[in-house]
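A short reminder: the numbers here are calculations on the coordinates, not readings from a lab. Source: prediction; values computed, not measured. With ideal geometry, Cβ positions are generated from the backbone for all residues, glycine too; neighbour counts draw on all protein chains shown.
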Amino acid sequence: MPKPIFVVQKHYASHLHYDFRLSIKGVLKSWAIPKEPSKDPKIRRLAIQAGDHPLGYAKFHGVIKEGYGKGRVHIWDSGNYDLISRKADKIVVDIHGRKLKGKYVLIRFRPGRSWLFFRMKKGGR
């Protein structure tokens, strides 16, 4: 069974942001991160949960010409990941990308779509 994939797409829409996507149960679970994902465990990024996308979207780069999300998209990073744990309000993954490497966490910090995304410190949190 192949490892699950992740992709980070740099998206030049009405505001530049990064779409972080994890393949989970046959779809890409997605979060929009307003600033570049950080490799520094001291830096937390806001991540707004977005709608699921089909797995094929992981390879998309180009221009979205109309509608929601209109703008240029390119793949900023991609690769595989290992799922460490998944709960309703916390996901921990070990990412194996070109730019992002190591254990990252998504934590829902209030009801709704708002999460924090950050790299874990080595040996813990």
Candidate lysines for bridging to Lys42, where Cα separation is under 21 Å - those fewer than 8 sequence places away on the same chain excluded: Lys90, Lys99, Lys101, Lys103, Lys121, Lys122
Kirkwood hydrodynamic radius of the chain, from inverse mean 1/r over distinct Cα pairs, in Å: 14.7
Part-to-part distance (alpha-carbon centres) for the stretch 40-70 and the stretch 72-96, which is given in Å: 12
Loop sites in the stretch 6-90: trypsin sites (Lys or Arg not before Pro), DSSP, at most 13 other Cβ within 10 Å: Lys25, Lys35, Lys39, Lys42, Lys65, Lys70
Extension gain (nm, one decimal) between Tyr12 and Leu46, 0.36 nm per residue minus Cα-Cα: 10.5 nm
